[in-house]
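A.B. asks: First the structure, then my questions, so here it is.
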Amino acid sequence: MSSRVRAVKVELVTDTHRIVGYYPTNERRLSDILNLDSTDAIVLDDVCAVPVDNPDGAPIAMDFAHIIKDRISFGIPHEPPSTAEERQRIQPFQYVDKDRHQVLVSLPPFSVTGYLHLVKHADIRSALQALAAEFVPITRARAIYMPDTRIGWAAEVIVINRTRAQIFWPPMRVNNEALVEDNAPLDGPNPE
């Protein structure tokens, strides 16, 4: 693992604000940053914030923002995601082969769909009970602001705050077909 610190662009979403800024890190994933840092807040530099319910509103620019972690609904890394091969090379003893499970997460006022990655052959029911991490990555993810479903995000990874989630469930099926398409492009609504 590299010890070189660099600023990575991240987006953090609370119930009321979308905050985009930079976090100094030594190349850990956003889920690692949120889970491993023992402080109750994260500080982003060179920040721009807009209300969630008015993404076209005038952004507020600040030198920094101190965001309380338990108020974060989800985060989106804006750096290219690492590949499984890179993670295995960088952290060979921490890498574990995983299966992906399609999920729908109720995270009021948001709804998130995508894939939860669990240890191979794990039972999703048991694994959800045993998850220790507060922030969990969902891949090929979409988040929708339920009060106005025109407001949404689509990203390769969305890191959700599991402690704020009310319900995890597999997607509904109609005639044995998932309502969330497996190969749907990630070009849905995104206030970027």
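A.B. asks: Can you pull out every residue in region 12-55 that is touching a Pro at 6+ places or on another chain (Cβ under 8 Å) and acidic (D, E)?
C.D. replies: Result: D15, D45, D53.
A.B. asks: When you scan region 1-21, how many residues do you find that are assigned to a strand (DSSP E or B) and either acidic (D, E) or at pLDDT below 85 (or both)?
C.D. replies: Residues flagged as assigned to a strand (DSSP E or B) and either acidic (D, E) or at pLDDT below 85 (or both) within region 1-21 amount to 2.
A.B. asks: Something else now. Quick one: P24 ticks every box in (1) surrounded by 14 or more Cβ atoms within 10 Å (Cβ to Cβ); (2) modelled with pLDDT under 90; (3) in a strand (DSSP E or B) bar one, so which box is it?
C.D. replies: (1)
A.B. asks: Of all residues in region 31-50, which are touching a His at 6+ places or on another chain (Cβ under 9 Å), surrounded by 15 or more Cβ atoms within 10 Å (Cβ to Cβ) and without any contact (Cβ under 8 Å) to a residue 60 or more places away in the chain?
C.D. replies: Correct list: I42, L44, A49.
The values are calculated or read from the model by the stated rules, or taken from the named source; none is laboratory data. It should be emphasised that the depicted structure is a prediction, and the values quoted were computed from it without experimental measurement. Quick reminder, even Gly has a Cβ in these numbers, built from the backbone with ideal geometry, and neighbours come from all protein chains shown.
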